[in-house]
1. Any idea which residue in region 15-70 is surrounded by the most Cβ atoms within 10 Å (Cβ to Cβ), counting only those that are charged (D, E, K, R) and in contact (Cβ under 8 Å) with a residue 12 or more places away in the chain?
2. Among the residues of region 171-184, is there at least one that is aliphatic (A, V, I, L, M), out of contact with any helix residue (DSSP H, G or I) (no Cβ under 9 Å at 6 or more places or on another chain) and either at pLDDT 90 or above or part of a loop (DSSP other than H, G, I, E, B) (or both)?
3. For the structure I just gave you, tell me whether ILE102 is assigned to a helix (DSSP H, G or I), over 20 Å from the mean Cα position of the chain (by Cα) and in contact (Cβ under 8 Å) with a residue 12 or more places away in the chain.
4. Tell me which residues, restricted to region 127-152, are assigned to a helix (DSSP H, G or I), farther than 17 Å from ALA175 by Cα and charged (D, E, K, R).
5. Do any residues in region 161-177 that are closer than 17 Å to VAL139 by Cβ have Cβ atoms under 7 Å from those of residues that are part of a helix (DSSP H, G or I) and of a type in the set (Lys, Arg), where the two are at least six apart or on different chains, and which pairs are they?
6. Read through the list (1) part of a loop (DSSP other than H, G, I, E, B); (2) closer than 20 Å to ASP47 by Cβ; (3) in contact with a helix residue (DSSP H, G or I) (Cβ under 9 Å, 6 or more places away or on another chain), then give the number of the only condition that GLU159 fails.
Amino acid sequence: MLVLLSSSVQFGIYLPHIEGISTAAGSAETIFEIIDTRPHIDSRPEDGVKLQQFAGNIQFERVDFVYESRPQIKVLDQVSLKTEVGKTIALVGPSGSGKSTICHLLLRLYDCTAGRVTVDGHDIKDVNVKWLRQQIGVVSQEPVLFDGSISDNIRLGSEGVTQADIEEAAKMANAHNFIRRFRDV
């Protein structure tokens, strides 16, 4: 009788939490499905050309693009664009006009649905994805700093980066003097 009473009390203590545990288990299943999802363009394989030198000549040739979720809406329609080494360009337009999409195509987060994108004369579909992404610096519209030092944030995603490399990157971004004002860099 005492065992039954003790078990009933324990069950009563845990009963209100069962719904939360059940919800968490369902959420965990969804999270693991997302983690296990393989991207259409996988950057891990070593396939593809690694150019001896990346000059930075970029060309979009009659590029079309639609998102899979909205195939009836053409985000880019016959876009042609050419950049040359040493030139600064600006992608300007209203929200939804394709500026970010152009950057995503260049980084091969997506492939264009028609036309082609080249870097230094090579179709980016033939270039090693990981190598390509290491050659391109991206500054997002929304600045994000991850938990850690400024050095950790600059180093993020790169291997074998020295303190001198970090300082040079900060100088190139015109941020070195600003960063030096902080104690824990």
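1. Per the stated criteria, the residue is GLU61.
2. Within region 171-184, none of the residues are aliphatic (A, V, I, L, M), out of contact with any helix residue (DSSP H, G or I) (no Cβ under 9 Å at 6 or more places or on another chain) and either at pLDDT 90 or above or part of a loop (DSSP other than H, G, I, E, B) (or both).
3. So ILE102 does not fit the description; no.
4. LYS130, ARG133
5. ILE166/ARG155
6. Unmet for GLU159, out of (1) part of a loop (DSSP other than H, G, I, E, B); (2) closer than 20 Å to ASP47 by Cβ; (3) in contact with a helix residue (DSSP H, G or I) (Cβ under 9 Å, 6 or more places away or on another chain): (3).
One line per residue, one yes/no per condition, for (1) loosely packed, with under 12 Cβ neighbours inside 10 Å; (2) farther than 23 Å from GLN52 by Cβ:
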| position | (1), (2) |
| --- | --- |
| ILE89 | yes, yes |
| GLY93 | yes, yes |
| LEU105 | no, yes |
| CYS112 | no, yes |
| ARG116 | no, no |
| LYS130 | no, no |
| VAL139 | yes, yes |
| ASN177 | yes, yes |
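Yes/no matrix, rows are residues, columns are (1) hydrophobic (A, V, I, L, M, F, W, C); (2) within 22 Å of GLN135 (Cβ to Cβ); (3) modelled with pLDDT of 95 or more:
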residue: THR37; (1), (2), (3): no, no, no
residue: SER43; (1), (2), (3): no, yes, no
residue: GLU46; (1), (2), (3): no, yes, no
residue: GLN52; (1), (2), (3): no, yes, no
residue: ASN57; (1), (2), (3): no, yes, no
residue: GLU68; (1), (2), (3): no, no, no
residue: VAL75; (1), (2), (3): yes, no, no
residue: LEU91; (1), (2), (3): yes, yes, no
residue: GLY96; (1), (2), (3): no, no, no
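The values are calculated or read from the model by the stated rules, or taken from the named source; none is laboratory data. Treat the numbers as computed from the prediction; the structure is a model and nothing was measured. Every residue, glycine among them, receives a Cβ derived from its backbone with ideal geometry; neighbour counts consider all protein chains shown.
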